[in-house]
1. Can we say Y172 is at pLDDT below 95, within 16 Å of the chain's Cα centre (by Cα), assigned by TED's automatic domain parsing to the domain that holds P142 and closer than 26 Å to P122 by Cα?
2. Considering the range 126-177 alone, what residues qualify as being assigned to a strand (DSSP E or B) and closer than 14 Å to S116 by Cβ?
3. Which condition does V134 not pass, out of (1) surrounded by fewer than 23 Cβ atoms within 10 Å (Cβ to Cβ); (2) more than 16 Å from P28 (Cα to Cα); (3) in contact (Cβ under 8 Å) with a residue 60 or more places away in the chain, if it passes all the others?
4. Restricting the first residue to the range 104-121 and requiring it to be free of Cβ contacts under 8 Å to residues at least 40 places away in the same chain, which pairs with a second residue that is surrounded by 23 or more Cβ atoms within 10 Å (Cβ to Cβ) and not in a loop (DSSP other than H, G, I, E, B) meet a Cβ separation below 8 Å and a spacing of at least six or different chains?
5. What about M314, is it surrounded by 12 or more Cβ atoms within 10 Å (Cβ to Cβ) and either assigned by TED's automatic domain parsing to the domain that holds Q192 or touching a helix residue (DSSP H, G or I) at 6+ places or on another chain (Cβ under 9 Å) (or both)?
6. Condition first: over 14 Å from L248 (Cα atoms), of a type in the set (A, V, I, L, M) and modelled with pLDDT of 90 or more. Now tell me which residues in the range 276-310 satisfy that.
7. Within the range 71-102, restricting attention to residues that are in a loop (DSSP other than H, G, I, E, B) and hydroxyl-bearing (S, T, Y), which residue is surrounded by the fewest Cβ atoms within 10 Å (Cβ to Cβ)?
8. State all residues of the range 198-241 that are assigned to a helix (DSSP H, G or I) and without any contact (Cβ under 8 Å) to a residue 12 or more places away in the chain; if no residue qualifies, say none.
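The values are calculated or read from the model by the stated rules, or taken from the named source; none is laboratory data. Note that the structure is a prediction, hence the values are computed from the model and not measured. Cβ atoms come from the backbone with ideal geometry, glycine included; neighbour counts cover every protein chain shown.
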Amino acid sequence: MNTTVKTPDISSESKSPRLVLITNGLRPLTYRFAELQGNPIGIVSWYGAESGGLVKYIEKSRFLAPLYARLRRRAYASLSHLCSENNLLYANIQKSQHRALHDILASWKPDLVITSGCPWVPVQALHATRFGGVNLHPSLLPAYRGADPLIWQVVDQVEYMGVSVHRLTEHYDAGSILAQHKELRPHGAHRQELLQRLEGEKGYELLDSIVSQLKNSDNLIEEVQPDASPTSAATKLSMHEIGRRWALDDLDAACVWDILKYHDRCPDQWLALNGWRRFFSWKPVSLQYVTDHDFAHSSKCWSIRNDGPTILLMNKQAIIKLRAVYRG
C-alpha cells in the first residue's frame, strides 16, 4: 500500500533541514554524515560510554586523539573526535536516559533525526522535530526486523539483501518505508564489508535523496508496512550463539563459508578443540570445491582434520581451510 504524505512547508530562512544522527559508535554512516545534503548539526551516542579509563581522556585530547586513531588505523579515535574534527555537536547519553535525549534534541532543534545501529529511540523524544525521525535498517523490510539483520540473512542464505529507510514509530522497524535498495547478496563477505556497502554507500544515497526532497519541499512516497514480518525477529546473534544453535552438519558448504567469513573466525563448538588449539581462534583461509561450484546443491556431513597450525573442514563437496590466530 502506497500513500503520499505532504511534508510541512520549509520557510525561506530555513531551507536546509537541520539533521541529527543518533547511533552507537563509529559506523560507515557516521563517517559520511557531515556530507549529507541539508545542515548536519550533531551526533548523539545512544549506547552509553564509548570507552573508559585512560582512553576516555585520550579521545578528548586535541593532540592525542589523532595519534590514537592512527595507531588503531582509523580516521577518528571516537565519535566525539569525529564530531570535533567536523564541527558537529556531540552528546553521549545512556540508552535508559530518555529524558536526557529529549532535552538534547529540544536544545539542538533538529528538523530531522536519523538513527542507525542503535537501540530503539523513544518517539516522545522526537516531538519537537519538524519531520520526526527515520531509521536506516540493513534489510528489505518488513523482512528481518530486529537488532542484527545481517547475520540472519547470511544464515538463511537469502538471494537478495538490501537496506531500507523507514519512519521511526513506537514499534521496532515497523514504520512506513520511505526508500529501499535491493541487490544480490555477495558470498564470503565480512560483516564490515556488508555494512560499508549497505549503510555507508547505498544507505547514505537513500538518505541523501530523502533530505534533498525535504529541502525542496517535495512530497514523500511512503509504503505502509504490514503488521507482521515474514521472518522471525533478527535478534543479536554472536559467534558463540551460532555454534550453539546450529551444528556444523546442519549447514551446507556455502552457508558455513559465509558464516566463517562474516565473523572472520569459526565457532569453537564446531571444532571440539583440545590441547594447544583451545588457546587460538581459527580464521577462514580458503574454500575449495571438490566436485562443482554450485551453491544451490551443497553436501553436508562434515569431518574435521587437524593439520598442525591449520584445521580442515571437509565434506563430499568442499574443503575449508582454517588457520590458527592467537586470541589475544
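1. Criteria met by Y172.
2. Within the range 126-177, G133, V134, N135, L136, H137, V163, S164, V165, H166 meet the criteria.
3. Condition (1) is where V134 drops out.
4. That search, which allows pairs on different chains as well, returns nothing.
5. no
6. Hits for the range 276-310 are V285, L287.
7. Here the residue is S96.
8. Taking the range 198-241 as the starting set, the residues that turn out to be assigned to a helix (DSSP H, G or I) are 198-215, 239-241.
Matches in the range 198-241: E241 only.
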